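Asker: First, the structure itself, so that you have it in front of you.
The values are calculated or read from the model by the stated rules, or taken from the named source; none is laboratory data. Just so it is clear, the model here is predicted, and its values are computed rather than measured. A quick note on method: Cβ atoms are made from the backbone with ideal geometry, for glycine too, and the neighbour counts reach across all protein chains shown.
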Amino acid sequence: MATLSVKWPSHLKETKKLKELQTLLSKKVKILPLKSQPSFIAGVDCAFLKDSIVSAASLFTFPDIKPVEDVWSIRKNRFPYIPGLLSFREGPAVISALRKLKKKPDLVIFDGAGIAHPRFLGIASHVGIALDIPSIGCAKSRLIGVFKEPGGIKGEWSHLVYKGRTVGCVLRTRDNVKPVFISPGHRINTDDSIRIILKCLKNYRLPEPVRRADMLTKKIKKEIE
């Protein structure tokens with residue numbers, strides 16, 4: 001957990017140290033087939049107030065995708081937005097929310113990147129290794145990599161490649177709707193990530209656990225503001 005408690009740098013030199021830390025931590029990420037089918041999956045998301053972060057976790061049964069529990073956490077926002085360092089900004093808030101769940105999830109889906117990251121350590125990977133839990137990144141936009149546009153039918157996908165390495169896929173989650181960018185975070189591979197995400201879809205672009213967490217953070221933010 002100490003890796004998510006780094007004091008925010010006041011100088012560019014210290015920012016460089018965080019990037020070096022990400023490179024070091026990325027070596028701890030395990031990309032391998034899922035050992036067993038999860039029974040409970042959580043989706044997490046964050047929203048920002050003036051000086052705080054609202055983080056929500058929504059727990060669902062799997063594979064029938066029924067909601068079980070919603071929790072949230074509000075923490076001071078101590079880090080500015082810098083592309084590629086999202087986990088240092090949102091990670092502690094996400095962990096705070098996840099720890100409030102009465103039932104520990106077997107897998108967590110993030111609105112963000114897994115290994116599809118400049119240093120192969122997006123928030124799904126960083127929190128995944130911090131909690132030692134299987135994790136998947138499901139981003140609405142591309143952070144890095146090149147790809148061919150997948151077919152227009154739900155379930156079609158193409159490889160996402162960065163520096164000669166396959167770091168995930170571009171997945172069509174609804175017919176003729178913009179795809180999402182899937183990347184394994186920790187203790188799972190791309191094939192199993194695709195399978196899990198497709199099982200979590202209903203009538204929307206985003207998987208239900210992440211969509212519900214997103215709705216919850218927006219609701220709390222609106223109530224506070």
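Asker: Just to be sure before I move on: is residue 50 of a type outside the set (Val, Ile, Thr), at pLDDT 95 or above and not in a strand (DSSP E or B) in the structure I sent? Don't jump to the end; show me each part of the working.
Answerer: On the way: of a type outside the set (Val, Ile, Thr): yes; at pLDDT 95 or above: no; not in a strand (DSSP E or B): yes.
For residue 50, the condition - of a type outside the set (Val, Ile, Thr), at pLDDT 95 or above and not in a strand (DSSP E or B) - is not met.
Asker: A follow-up question, please. Wholly within region 140-222, which strands (runs of 3 or more DSSP E) include no fewer than the required count, namely at least 3 residues that are crowded, with 23+ Cβ neighbours inside 10 Å?
Answerer: Fully inside region 140-222 and qualifying: 165-171, 180-186.
Asker: I'd like the full set of residues that are of a type outside the set (D, E, K, R) and more than 16 Å from the chain's Cα centre (by Cα), limited to region 73-88. Spell out how you get there, then give the answer.
Answerer: Residues of region 73-88 that are of a type outside the set (D, E, K, R), as a first pass: 73-74, 77, 79-88.
Hits for region 73-88 are 73, 74, 77, 79, 80, 81, 82.
Asker: Collect the residues in region 29-52 that are of a type outside the set (A, V, I, L, M) and within 17 Å of residue 110 (Cβ to Cβ), keeping them in residue-number order. Walk me through how you get there before you give the answer.
Answerer: At the first step, the residues of region 29-52 found to be of a type outside the set (A, V, I, L, M) are 30, 33, 35-40, 43, 45-46, 48, 50-52.
Listed by number, the residues that qualify are 30, 38, 40, 43, 45, 46, 48.
Asker: For region 20-39, give me the residue count where each residue is buried (at least 16 other Cβ atoms within 10 Å of the Cβ) and either within 18 Å of the chain's Cα centre (by Cα) or at pLDDT 95 or above (or both).
Answerer: 7
Asker: Among the residues of region 112-129, what is the count of those that are surrounded by fewer than 24 Cβ atoms within 10 Å (Cβ to Cβ) and within 10 Å of the chain's Cα centre (by Cα)?
Answerer: 0
Asker: Quick check on region 82-94. Is at least one of its residues small (Gly, Ala, Ser) and touching a Lys or Arg at 6+ places or on another chain (Cβ under 6 Å)?
Answerer: yes
Asker: For region 54-105, what are the residues that are among the small types (Gly, Ala, Ser), part of a strand (DSSP E or B) and buried (at least 23 other Cβ atoms within 10 Å of the Cβ)?
Answerer: The answer is 55, 56, 57, 58.
Asker: Write out, first by first residue and then by second, each pair whose Cβ atoms fall under 8 Å of each other, whose residues are 6+ apart or on separate chains, and whose first residue, in region 70-92, is over 14 Å from residue 21 (Cβ atoms) while the second is in a loop (DSSP other than H, G, I, E, B) and of a type in the set (Asp, Glu).
Answerer: Close Cβ pairs satisfying both conditions: 76/51; 77/51.
Residues checked against (1) touching a strand residue (DSSP E or B) at 6+ places or on another chain (Cβ under 9 Å); (2) without any contact (Cβ under 8 Å) to a residue 40 or more places away in the chain; (3) among the acidic types (Asp, Glu):
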site: 156; (1), (2), (3): yes, yes, yes
site: 163; (1), (2), (3): no, yes, no
site: 173; (1), (2), (3): yes, yes, no
site: 176; (1), (2), (3): no, yes, no
site: 179; (1), (2), (3): yes, yes, no
site: 183; (1), (2), (3): yes, no, no
site: 193; (1), (2), (3): yes, no, no
site: 202; (1), (2), (3): no, no, no
site: 209; (1), (2), (3): yes, no, no
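Asker: Would you confirm whether or not region 94-107 contains a residue that is in contact (Cβ under 8 Å) with a residue 60 or more places away in the chain, among the small types (Gly, Ala, Ser) and in contact with a helix residue (DSSP H, G or I) (Cβ under 9 Å, 6 or more places away or on another chain)?
Answerer: Checked against the condition, which is being in contact (Cβ under 8 Å) with a residue 60 or more places away in the chain, among the small types (Gly, Ala, Ser) and in contact with a helix residue (DSSP H, G or I) (Cβ under 9 Å, 6 or more places away or on another chain), region 94-107 yields no hits at all.
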